[in-house]
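Engineer: Sharing a structure here in structure tokens format.
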Amino acid sequence: MKSAIVALALALALPAAAQSPVVTVKESPRWGSFQVSLSPFSPDIDSEFTNAVHPPYATIFGTGRPLMVQAQFNKSVWITEYGTLDIGVGAGFWEAWGQGYYQGTDGTVIRGGSTSLMIIPVQAQVGYRFEWFYERFNVPLEPYVRGALLDYIWSTSGQSGVSSWTSPLDGVSYRGSGATFGWSATLGLAIVLDAFDTSLSRQMDYDVGINRTLLFFDFTRSSVNDFGSTKSWQLAPSYWAWSAGLQFVF
Amino acid sequence: MAGPALAESPPMLRRATLLLLLPGFALGQTTIAGTVTASVTTQGVAGQANRVECDSATSTATWNIVATGVTVSTGDKWRLATASSSGCGTTVPTTYIQDQLATGSTQSISGVFVRPMATGASVGSCTQVNDVQIALCAYYLPGGVVPATVQVVTGTFNFQLAVPPKPVITGVSPGDGRLSVAVVPGTTTANETATSGVTFTVTCTPPGGGTGITGGPGNAGNIVCSGLVNGTAYTVTAAGTSSAGNAGASSDAFGPSTSTTPLPFLNFWDVYKSDGGVEEGGCGTGGAGALAPALALLGLLAARRRRP
């Protein structure tokens, strides 16, 4: 299992590494990182409808948590023997599909017509990765924290493209797309995969400049409601959302 | 094989054999570099004719000849003929479709009847089960006469005679004024063999057998009938059409039922706003919020530029 994880994580660089001579030089200077992650995601839109029998999000999309995929790029601005301070940006994609509904005059609910909610999360983040355990004791664990400003660009759609709803009271139309801002805080733990095969790790650094490969798992608490605006919905999950992924430090 | 056998023959027999073979050598065949293609005027799918066109006395095709290495002079002709898929004959045929004055090494000839194209290639029946591939042959006749050395430009043409099997409707999803019909190709039978290039059309018929509304054509998958009346339970059928336009049998009927009844379904945004959702769309905190990621990116770029 351990070997399989290492092999998977280093797969991109393995062909080049396999063709190179044994490397004895010191590791190259570090200056940033790139990571990809997957996270089950479900926005807490229904928090507005605490007493509703049929809250809109759960009624249309159910209680599942479609995967959100995200990528982040970080620049290391402060590297010490204890750890690394990173700043960076990220973006991702998430979409949920469901069926609309029609309520007959007799109260019967009939489902039909596909509808979706799509979110493109972008963010600017600051994070600190505590590398002391690995650097000092060779324990392959690196805890980290991260804070981020979020901008969730979203769009809802029905069978005719982007949704639009007209209020029957005042005739005002509301287009079902926009951007909602918020914040997030993350606590995580990364496993340093290089510890399981140090020679291959050095080879990767020599060949493609990847100093370290991390398999991480973290929990994020967030709020995406325009910082508490009364005219905004809540696009963040109601729970500590977990995510897992790979980070390449270079 | 002819060479050694001839050398070992008695002199008289050898001489007689040579005399018999000489005309054949003189009338050798040269395949001219280039192509011949044909498109039937009625349905226009290049290189194909369907059952109706194959059997029609009036359907015509346009032949396009592209020949290289031929210098066309006044009085030269193209002799248009067809042959079975094994290829054009080594002699200029005396039974042919038509002779056409050559105007150049690249020439488009319209009004070529399709039925003679079929009979010339020995297409037995225009309703046979499988497609029939034939050869198109444009023989070059310098001065309008049959030359000693046959020169021919060749191409291929398909009498697309196979019909698709009846498809299967696996489900119908109602929408606002429309039905989305999930169609999968049917299983081929002895008489329904077309599978490649088949497209499907769905028909949504209101109660009482009124005029049906069609959706498609499209590939297998979801095909939509739109412009339907909400609240009306429709009967839905689907049919396949082969690549050249041979119509297949209709599927078994689906509905009428609640799933074939279009209704003004509310989408997610409709439901959210109807329930009193506060979100109004657009950018919540204006440009300031949107600037945050952009400023971070600029900071990164600046930091990178300052590196020694």
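Each value in this text was obtained by applying a stated rule to the coordinates, not by laboratory testing. Keep in mind it's a predicted model, so treat the numbers as computed, not measured. Note: ideal-geometry Cβ built from the backbone for every residue, glycine included; neighbour counts use all protein chains shown.
Engineer: Can you sort B:THR203, A:THR108 from fewest to most other Cβ atoms within 10 Å of each residue's own Cβ?
Structural biologist: The fewest-first ordering by Cβ neighbours comes to A:THR108, B:THR203.
Engineer: While we're looking at this one, here's another question. Among the aspartates and glutamates, which fall within straight-line cross-link reach of A:LYS26, defined as a Cα-Cα distance under 20 Å, with same-chain neighbours fewer than 8 residues apart omitted?
Structural biologist: Answer for A:LYS26, where 20 Å is the Cα cut-off: A:GLU81, A:GLU131, A:GLU135, A:ASP194, A:ASP197, A:ASP205, A:ASP207, listed by chain and number.
Engineer: Just want the answer: with Cβ charges of +1 for Lys and Arg and -1 for Asp and Glu, which residue in A:ASN138, A:GLN123, A:GLN203 is farthest toward the dipole's positive end in the stretch A:58-213?
Structural biologist: Sorting the options by dipole projection puts first A:GLN123.
Engineer: Among rounded, prolate and oblate, which fits the protein assembly as shown when a ≥ b ≥ c are the square roots of the eigenvalues of its C-alpha gyration tensor, a/c under 1.5 means rounded, and a/b larger than b/c means prolate?
Structural biologist: It is oblate, given that a/c is not under 1.5 and a/b is not larger than b/c.
Engineer: Report the local net charge at A:MET204: Lys and Arg +1, Asp and Glu -1, summed over other residues whose C-beta lies under 11 Å from its C-beta.
Structural biologist: Neighbour charge sum, excluding A:MET204 itself: -3.
Engineer: A further question on this structure: Any idea how far apart B:ALA33 and A:ASN138 come out in nm if each label point goes 7 Å out from Cα toward Cβ?
Structural biologist: With each label placed 7 Å out from Cα toward Cβ, I get 7.0 nm.
Engineer: Give the residue from B:THR74, B:ASN130, A:TYR102 lying farthest towards the positive end of the charge dipole for the protein assembly as shown; charges sit on Cβ (+1 for Lys and Arg, -1 for Asp and Glu) and the dipole is referred to the Cα centre.
Structural biologist: So the residue furthest toward the plus end is B:THR74.
Engineer: May I pose another question? Can you compute the charge dipole magnitude of chain A about its Cα centre, using +1 on each Lys and Arg Cβ and -1 on each Asp and Glu Cβ, nothing else charged? Give it in debye, rounded to the nearest 20.
Structural biologist: Roughly 180 debye for chain A.
Engineer: Can I ask one more? Using a cut-off of 29 Å between alpha-carbon atoms, which lysines can reach A:LYS231, once sequence neighbours fewer than 8 places away in the same chain are excluded?
Structural biologist: Excluding near neighbours in sequence, the set is B:LYS273.
Engineer: When a footprinting reagent is the concern and you count Cβ atoms within 10 Å, what order do A:ASP226, A:ASP218 take, fewest first?
Structural biologist: Starting with the residue having the fewest Cβ neighbours, the order is A:ASP218, A:ASP226.
Engineer: Roughly how far apart, in whole Å, are the Cα centres of the stretch B:169-211 and the stretch A:56-94?
Structural biologist: For the stretch B:169-211 versus the stretch A:56-94, the Cα centre distance is 44 Å.
Engineer: Can you sort A:VAL126, B:VAL172 so the residue with the fewest Cβ neighbours within 10 Å comes first?
Structural biologist: Least to most surrounded, the residues fall as A:VAL126, B:VAL172.
Engineer: Let me ask you something else. Can you tell me the FRET efficiency between B:ALA46 and B:THR193 if r is taken as the Cβ-Cβ distance and R0 is 25 Å, rounded to the nearest 0.05?
Structural biologist: 0.70
Engineer: Report the calculated FRET efficiency for B:SER257 and B:VAL229 (r = Cβ-Cβ distance, R0 = 22 Å), to the nearest 0.05.
Structural biologist: Result of the calculation: an efficiency of 0.90.
Engineer: Please compute the contact order of chain A in relative form: average sequence separation of alpha-carbon pairs under 8 Å and at least six residues apart, divided by the residue count, as a percent.
Structural biologist: So the answer I get is 22 percent.
Engineer: Still on this model: Which angle from 0 to 90°, rounded to the nearest 10, does the C-alpha axis of helix A:198-208 make with the longest principal axis of chain A?
Structural biologist: 70 degrees
Engineer: Quick check: from the Cα gyration tensor, does the stretch B:27-112 come out rounded (a/c under 1.5), prolate or oblate?
Structural biologist: Cα axes put the stretch B:27-112 in the prolate bin.
Engineer: Moving on. Calculate the dipole size of the stretch A:136-240 relative to its Cα centre from +1 charges on Lys and Arg beta carbons and -1 charges on Asp and Glu beta carbons; express the result in debye to the nearest 20.
Structural biologist: That gives the stretch A:136-240 a dipole magnitude of about 220 debye.
Engineer: Where the only charges are on Cβ atoms (+1 Lys, Arg; -1 Asp, Glu), what is the dipole of the protein assembly as shown about its Cα centre, to the nearest 20 debye?
Structural biologist: Dipole of the protein assembly as shown, to the nearest 20 debye: 1260 debye.
Engineer: Full extension from A:VAL162 to A:VAL126: what is 0.36 nm times the residue separation minus their Cα-Cα distance, to one decimal in nm?
Structural biologist: 9.6 nm
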